[in-house]
Structures are given as structure tokens and as C-alpha cells.
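Peer 1: Dropping a structure here in C-alpha cells format, bear with me for questions.
Computed from the coordinates by the stated procedures, all read-outs in this text should not be read as laboratory data. Note that the structure is a prediction, hence the values are computed from the model and not measured. Note: ideal-geometry Cβ built from the backbone for every residue, glycine included; neighbour counts use all protein chains shown.
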Amino acid sequence: MALEKSDVEKIAHLARLHIDATEAQEVASRISSILDLIDQMQSVETSNVAPLAHPFDAVQRLRPDVVTEKNEREYLQKIAPAVQDGLYLVPKVIE
Amino acid sequence: MVWETVIGLEVHVQLDTKSKLFSGSSTTFGAEPNTQAGIYDLAMPGTLPVFNEAVLRMAVKFGLAIDAEIGRRSVFDRKNYFYPDLPKGYQVTQLAFPTVGKGSLQITLEDGSEKVIGITRAHIEEDAGKSLHEDFQGLTGIDLNRAGTALLEIVSEPELRNAKEAVAYLKKLHAIILYLGISDGNMAQGSMRCDANVSVRQLGATEFGTRTEIKNINSFRFVEKAINHEVRRQIDIIEDGGRIIQETRLYDADKDETRSMRSKEVANDYRYFPEPDLLPVVIDEAYIEAVRAELPELPNAKRARFVSQYGLSEYDAGVLSSSREMANFYEEVVNICGDTKLSANWVTVDLQGLLNKSDLEISQSPVSASRLGALIGRIKDQTISGKIAKAVFEAMLGSEQSVDEIIESQGLQQVTDSGAIEKLVDEVIAANPEQVAQFRAGKEKVFAFFIGQAMKVSKGKANPDQLNALLLQKLKG
């Protein structure tokens, strides 16, 4: 399966990755080769195989409903570029 | 042209846990911004989720309450999108293998008939934080206290046919959630949020029309208004020869209208994949049965019991079982006074009227169940009449006195002494010879006049049954 340059640009945008025009062509062909491998895997008969949700053959451990975290706002906000009144400030996002 | 409305609801219920879905941060409402946002909630590198057992139990409890298939093996997935109130860049949710599968909910329509609404699924997911767009010099403020709080998203089949059915469904869902104690259900605080998928089609058509999704509906009243508005808008467009665009619309309660949220630059593409940081959640029969054993009596079962055990009408039983608090209040009143029907009338009419007037919930009732029970007890043993009881009820509101003290201090005891009632009847008959003649000439309607006069003279305290009997006897001479 061949991926177009425009596909790469769309995926990159969704993932918020910057890929310039010259890179995009090369990335398209590299991803296409991965997809070719997947196409090959698709041809394997798997109707009797249950879908795998996780490579580990184990089940999720549960945690009791207890508050274990303390308020560390001051410490955590030291690394934020901008804060005000306890809020993290980011560029305006409203449409 | 006759149009049919098709509605499906997606309801997000914030589960009432102490800590978050995947972290040990507190979930207390109204805390200072970001004081309940720890390293996992902030998506610090290297942090990992650990699933909160209470969330699983609540989801299973809900599933059992709506007779749903319980997912023996549920899987978490990542739903990827970028927004500043979602620090990880994905929301952990359940796509293909939700904890709660197909179930159903029985709703009561306005005419008293019942309708079963299918529930497609209910899945566990994380809530996002809050964005505040005001007052930050052109920047947006982010509060992540709510980020990672556990939600149950309950998705209905498109089987609701008008706004009133949607409200009935939502109210039933709300009641069940409160009965189960899995959420406080507070819509104003966002503990229960509703999105509605709405479309119209010609009556009898088999294909669905194009739907729009209305977001941001946060009260029962707004659900009805928002849907009605959207249905009118869609019909107008189609009848004018236009077509409906599939889009998300926002309900504006102030203007009572829905408006388009500008469509995103790139259509939603969430690129779901299984969450590698969480293993599948496996539930065995023993777990399910243990949860089932914790289930309380649910609204429908309670209503049926109220009809059979207390002899109530379906309607009264429905009103009284509509919330667990109401049902408990009613049963406490019955236990004290022993009269099921009088209790039903007082709770659904007098008390409910009072609560509606002062915009209070039954849990905030200014008259406790024990005091109301005592009052009804005094009607039952004929110390006071039903009419006087209403005056005592009024007096109870501003007073700490017991029912008996109020009756005693205001001299409100019913007159049951037949000698005294006879005297009263004689007086009234003597004072109104003209009406007596009318009555005896066959104008029986005048009887009510005598009752009125006698009650007036006795200041409402004469026992109505005795008064009736004596008056009739004397008038017939």
C-alpha cells in the first residue's frame, strides 16, 4: 500500500509533528514499506485467533479508591512557562 | 408533511469516587485550581496509570441495574487529540470492549404508559480539565483538577421519539444513578452532562435523517428546550428545500437556540488504539455476583412494591419511588402514622408543593418525616380534621414545637363530643329557616351550605363525619 505525501502531511498534522516538504516524500515511502509488511500479515488466516489487546499475558491490577497524592502545585508549577492564580497559562485556544 | 423525531442521548456521569480513575489524586469539587492535579494527571514522563477498583465496581453496578451484558474482559483505548486541558494528548476510554454492553431502561411516558429504551453501551473514560478563557491577557487558563476524574458514558439507542421522552429517559437514568449511589448526579456542577443526537425524518421512513449533535445541555429543562428548538430548525430547513449538515451544535440557554460550533479544520480523526499502559480488565462471575448482592431496590421494583404493599395508585407509587430519598421519607412517614394513602397524599401534594415553592429537595425538607408522620397520626385518630391539619402543617414550618404541642396550644383539637356537635347543628338550623325550607322542598344542594355554616361556627374543628350525619338527620327531621 503506497502512502501519498499528502497522507503524511495529514498524519503529521494530527500528531503535531513538523515534517518539511523534502522529508515528507521520504517518510511516505518508509511508512509505505511498513504498510506493505502489514498487508503481508493481513493475508495470514487469523479467524480463530482472539484479538490481542496487550502483548503481556496478564490482567490489570486494581488499586483501592484512596487518595494518595498530595497537593504539589507549587513544586509542579515551577517548571511551567506561565502560571497565574494557580492556573497554567497557554495560548488562547477558543475558536 | 408529518415528521418524526429521532433522538439518541450520550450521558456522561461523573462517578463519585474519592480518587481519580488512574491516579491517587483527590476529586473533591471546588478545590483551588491545580491543587488536585498530580504527576500522572499532568502527564509527566514515566508516570503510569493504575485502575481504581471503585470505578469498575460502580460501572458493573450500573450495568446490572440496566440488565446489561457485563464485559468479562474490557480493554482501554487511547483516543488521540490535542487540547490544552488534556495533558497526555489522548483520553483513555473504552472503544471495542466496554465494561457495560447492551442493556435497557424502562421509562414512563406522560400518559402513564411504559416504553423500553435500548442502551447501546456504557464505557469508562477519563474527564478532561477545564479551560478558562477570560482575564488572562489574551491567554487561556488551565485547571487540571478535573483531568482524570472517572466518567461513565452511557449511550442510548436512537429510540427516543420526542423531547419529552428524552427528558423521561434522562430523569430515569438520574434516579437510577442516585439509587445506586454511583454519582451525585448534580447537573449544575457537571456531574451529569448530556449530548443529544437529533434528526428528523418523514413519518414511516425507515432510513434515519442526517443528525446533528447538541452539546452543553446541563439541565432537564434545557434538554427539552434544546431538542425542540433543534427539531424545529431541522424541519424548517428541509421544508425550505435545504438539507441538514452533520455537525456539532452548542445549546445557548440564554438565547434558547443552538448554533454551529465552527467545524474543525481537519475532521475528527482520533486514531484509537489499545492503551499499552493498561492490561485488559478481567471480571469473573464471583465479582459480578458480589456487586449484584450490593444492589439496592431499584425504582421500578420499589414502585411495584408500593402498589402491592401499600395499595397506592401506579401514579402515586411512581412519584414516591422517583428518588430514593423520597421513597425513604414516605416509608418513614407510613411507619409512624400507619396510614399509607393519607401519607401518600401528604407527601406528594402538601409536602411536595411546599418543596416546589421553596425550590428545595426532599433531603432539605423543613418538615421531617417523623413530624409529618405525627401530624398524619393525629388526623387518623381524629384529634384533628384534614383541614385543620393543613393549618398545623403551616404552623410546623416556623416552629420547633411538636405536632401535639401546636394542636394543644392553639386549641385545634377536633370536636367529637356529639352533644357539642348537636348543639352546633341546632344553632345553624335555627338561624337559617329559609334554607331549611329549601332543603326540605328537595333542593339537596343546600346541604353544603349547612356544612359550611356549621364548620364556620366550630372554626373548622367539628368532626366532619359526625357533623354530616347529625346535620342530615336533623334536616330530614
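Peer 1: Summarise the partner chain shielding of B:85-93 as one whole number: the mean count of Cβ atoms from other chains within 10 Å of each residue's Cβ. Each step should come with its number before you reach the end.
Peer 2: Values: counts 3, 0, 1, 0, 2, 0, 0, 0, 0.
Partner Cβ neighbours, averaged per residue: 1.
Peer 1: Given Cβ point charges of +1 (Lys, Arg) and -1 (Asp, Glu) and nothing else, what value in debye, to the nearest 20, does the dipole of the protein assembly as shown about its Cα centre take? Walk me through the numbers before you get to the answer.
Peer 2: Values: 64 positive and 84 negative charges, 313 e Å.
Taking the Cα centre of the protein assembly as shown as origin, the dipole is about 1500 debye.
Peer 1: On average, how many beta carbons from a partner chain sit within 10 Å of the beta carbon of a residue in A:48-54? Write down the numbers at each step before the final one.
Peer 2: Working: counts 0, 0, 1, 4, 2, 14, 9.
Mean inter-chain Cβ contacts per residue within 10 Å come to 4.
Peer 1: Give the separation of the Cα centroids, segment B:187-222 to segment B:350-418, in Å.
Peer 2: A separation of 44 Å, based on Cα centres.
Peer 1: Please give the Cα centre distance for segment B:145-185 versus segment B:232-253, rounded to the nearest Å.
Peer 2: Centre-to-centre (Cα) distance: 25 Å.
Peer 1: So for chain B, taking the charge dipole from beta-carbon charges (+1 Lys/Arg, -1 Asp/Glu), which of B:51, B:409, B:71 sits furthest toward the positive end?
Peer 2: B:409
Peer 1: A follow-up question, please. Show me, bin by bin at 10 Å from 0, the whole-percent P(r) of chain B based on Cα pairs.
Peer 2: 4, 15, 21, 21, 15, 10, 8, 5, 2, 0
Peer 1: Okay, next question. In degrees from 0 to 90, rounded to the nearest 10, what is the angle of the helix A:21-42 Cα long axis to the longest principal axis of chain A?
Peer 2: For helix A:21-42, the angle is close to 70 degrees.
Peer 1: What does DSSP give for chain B in terms of the percent of beta bridges that are antiparallel, rounded to the nearest 5? Could the numbers behind the result be given before it?
Peer 2: Numbers: 52 of 56 bridges.
Of all bridge pairs located within chain B, approximately 95 percent are antiparallel.
Peer 1: Continuing with this model, one more query. Could you pull out the trypsin sites (Lys or Arg not before Pro) across segment B:259-354 that fall in loop regions by DSSP (anything but H, G, I, E, B) with no more than 15 other Cβ atoms inside 10 Å?
Peer 2: B:262, B:264, B:271
Peer 1: Next up: About its Cα centre, what dipole magnitude does chain B give when the only charges are +1 on Lys and Arg Cβ and -1 on Asp and Glu Cβ, stated in debye to the nearest 20? Before the final figure, lay out each step's value.
Peer 2: On the way: 54 positive and 68 negative charges, 193 e Å.
For this selection, approximately 920 debye.
Peer 1: With unit charges on the beta carbon (Lys/Arg positive, Asp/Glu negative), name the residue among B:204, B:107, B:19 whose Cα is farthest towards the positive pole of the charge dipole of chain B.
Peer 2: B:204
Peer 1: Mind pulling the per residue volume of the convex hull built on the Cα atoms of segment B:63-153? Å³ is fine. Don't jump to the answer; show the numbers that get you there.
Peer 2: Details: hull volume 12.6 nm³, N = 91.
That works out to 138 Å³ per residue.
Peer 1: Going from the alpha-carbon gyration tensor of segment B:418-476, what semi-axes, largest first and in whole Å, does one get by taking the root of 5 times each eigenvalue? Each step should come with its number before you reach the end.
Peer 2: Working: eigenvalues 63, 23, 21 Å².
Semi-axes (√(5λ), whole Å): 18, 11, 10.
Peer 1: Just to be sure I understand the rule: take each whole DSSP H helix in chain B, project its Cα atoms onto its long axis, keep it if the span is 27 Å or more and its mean Kyte-Doolittle hydropathy is at least -1.0. Which ones pass? Mind dumping the intermediate values first?
Peer 2: Working: long enough: B:220-239 (29 Å, -0.39).
Those that clear 27 Å and a mean of -1.0 are B:220-239.
Peer 1: Hey, which lysines would be in cross-link range of residue B:456, C-alpha to C-alpha under 23 Å, not counting anything within fewer than 8 residues on its own chain?
Peer 2: B:380, B:387, B:390, B:423, B:443, B:445, B:474, B:476
Peer 1: I've got another one for you. Count neighbours as other Cβ atoms within 10 Å of each site's Cβ, and list the GluC sites (Glu not before Pro) in segment B:180-280 that are DSSP loop with at most 14 such neighbours.
Peer 2: Hits after loop and neighbour filter: B:207, B:247, B:265.
Peer 1: Select from A:16, A:30, A:73 the residue whose mean-square fluctuation is largest in a Gaussian network model of chain A (Cα-Cα springs shorter than 10 Å).
Peer 2: Highest fluctuation of the listed residues: A:73.
Peer 1: Same structure, new question: Against the 2.2 N^0.38 Å scaling, with N counting residues, where does the protein assembly as shown land? I'd like the Cα-based Rg ratio to two decimal places. Show your work: numbers first, answer last.
Peer 2: Working: Rg = 32.2 Å, N = 572, 2.2 N^0.38 = 24.6 Å.
Taking N as the residue count of the protein assembly as shown, the ratio is 1.31.
Peer 1: Once Lys and Arg get +1 and Asp and Glu get -1 on their Cβ, which of B:189, B:281, B:419 lies farthest toward the positive end of the dipole of chain B?
Peer 2: My answer, from the dipole projection, is B:419.
Peer 1: Hey, could you pull the Cα Rg and Dmax for segment B:160-227, both in Å?
Peer 2: Radius of gyration, then largest Cα-Cα span, for segment B:160-227: 13.6, 41 Å.
Peer 1: Filter the GluC sites (Glu not before Pro) in segment B:332-425 to those in DSSP coil with at most 13 other Cβ atoms within 10 Å of their Cβ, and list the result.
Peer 2: Numbers: sites: B:332, B:361, B:394, B:400, B:405, B:408, B:422; in loops: B:361, B:400.
Those satisfying the criteria are B:361, B:400.
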